[in-house]
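Engineer: Handing you this structure, nothing more for now.
The values are calculated or read from the model by the stated rules, or taken from the named source; none is laboratory data. What you are looking at is a predicted structure, and each value in this text was computed from that prediction instead of being measured. Cβ: placed from backbone, ideal geometry, glycine included. Neighbour counts: every protein chain shown.
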Amino acid sequence: MSDNNLTSIGDILKKFNPAEDKYVSREFQTFGIYLSEKLEDTRRKALYIKMAKDLPRAVLEQALRFVVDSNARSKGALFMWKLKEMGIFEKYGFKIRGGKKKQAQKTDAES
């Protein structure tokens, strides 16, 4: 098999560092960590790993290029905004758990 997209097992083992990569066993995990580092948002590694698993790579790379080319203070927030603007969350049914919940306003009947 002389396909340029395939990497031999020997090449992968040469790059593998057990001390650094001990919890990363899949390629999408590596890409999620790469996203968190490029966006300077390492606190949310799990979110970016989930996105790398569930969303198309091309879409994530397009949003990442947009953010890297900008001069934003909060690159993670801009990345999420760009994905939302592109309609990615709705298109692929991606839901983000957690976040701040808005308090329900009291109606006249409850007062």
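Engineer: Check L6 against each of (1) in a loop (DSSP other than H, G, I, E, B); (2) aliphatic (A, V, I, L, M); (3) modelled with pLDDT of 90 or more and name the one condition it does not meet.
Structural biologist: That leaves (3) as the condition not met.
Engineer: I've got another one for you. Among the residues of segment 78-87, which ones are more than 17 Å from D41 (Cβ to Cβ) and either part of a loop (DSSP other than H, G, I, E, B) or under 12 Å from the mean Cα position of the chain (by Cα) (or both)?
Structural biologist: The answer is M86, G87.
Engineer: Can you pull out the residues in segment 21-66 that are hydrophobic (A, V, I, L, M, F, W, C), at pLDDT 90 or above and more than 21 Å from K95 (Cα to Cα)?
Structural biologist: The one that is hydrophobic (A, V, I, L, M, F, W, C), at pLDDT 90 or above and more than 21 Å from K95 (Cα to Cα): F66.
Engineer: Based on this model, can you work out whether A109 counts as modelled with pLDDT under 90 and among the small types (G, A, S)?
Structural biologist: Yes, satisfied.
Engineer: Can you tell me how many residues in segment 50-101 are farther than 21 Å from F28 by Cα and in contact with an Asp or Glu (Cβ under 7 Å, 6 or more places away or on another chain)?
Structural biologist: Residues meeting the conditions: 0.
Engineer: Additional query: What are the pairs, 6+ residues apart or on separate chains, where a residue within segment 17-45 that is in a loop (DSSP other than H, G, I, E, B) has its Cβ under 6 Å from a residue that is modelled with pLDDT of 90 or more?
Structural biologist: Going by the 6 Å Cβ cut-off, the qualifying pairs are L39/K75; L39/G76; L39/F79; E40/K75; D41/G76.
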